[in-house]
């Protein structure tokens, strides 16, 4: 039985059943076989974003975003909103399924903001609200995971 259009839109804009509830989870260091670990955080209450990982690829600081459903566009801008201080990160598709996106963070203010802010950060994709990430544990996770490509 078809769902009415307004209900279908509401369902599409809602977080999935397995979404992380607010306030979210703390940042953590995740070991990666054969390379430096990564800093990882689950995104809370997002209809599309599952998580972010920050890591070093050689001497470049990188961000990866995992979506819980494919994006329908070629490029997305992820906006991190630190109480009105906006950091835009242009990302590119990194897999054929359009669920894994990456960005080079060289020159970005994202890592410095993650190191000095408290509470949580609101997230957007192409201007649309996408939940939030808790900032607890970010400094320790980032200093551990990013020490080979970021000067602290």
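With the alpha-carbon atoms of the stretch 90-144 aligned to their principal axes, the span from lowest to highest coordinate is 34, 24, 18 Å, starting with the largest.
Over all distinct alpha-carbon pairs, what is the Kirkwood Rh of the stretch 5-145 in angstrom?
Numbers: mean 1/r = 0.0652 Å⁻¹.
Evaluated on the stretch 5-145, it is 15.3 Å.
Applying 1/(1 + (r/R0)^6) with R0 = 22 Å to the Cβ-Cβ distance of residue 75 and residue 106, what FRET efficiency is obtained, to the nearest 0.05? Intermediate results must be reported in sequence, preceding the final value.
Numbers: r = 18 Å, r/R0 = 0.80.
Efficiency, rounded to the nearest 0.05: 0.80.
Using helices alone, what [θ] at 222 nm do you get for the chain, with -39,500 (n - 2.57) per DSSP H run of 4 or more residues, divided over all residues and rounded to the nearest 500?
The helix-only estimate for the chain comes to -4000 deg cm²/dmol at 222 nm.
Kindly rank 102-115, 80-93 from highest to lowest mean number of other beta carbons found within 10 Å of each residue.
Values: 102-115: 16.8, 80-93: 14.6.
Sorting 102-115, 80-93 by mean packing, highest first, produces 102-115, 80-93.
Across the chain, the mean sequence separation of Cα contacts (distance under 8 Å, 6 or more residues apart), normalised by length, yields a relative contact order of 27 percent. For the options 141, 44, 96, a Gaussian network treatment of the chain with springs between C-alpha atoms closer than 10 Å singles out 96 as fluctuating the most.
Rule-based calculations on the coordinates, nothing more; no lab input. Being a predicted model, the structure only gives us computed values, none of them experimental. Methodologically, a virtual Cβ is constructed for each residue, glycine included, from the backbone with ideal geometry; neighbour enumeration extends over all protein chains shown.
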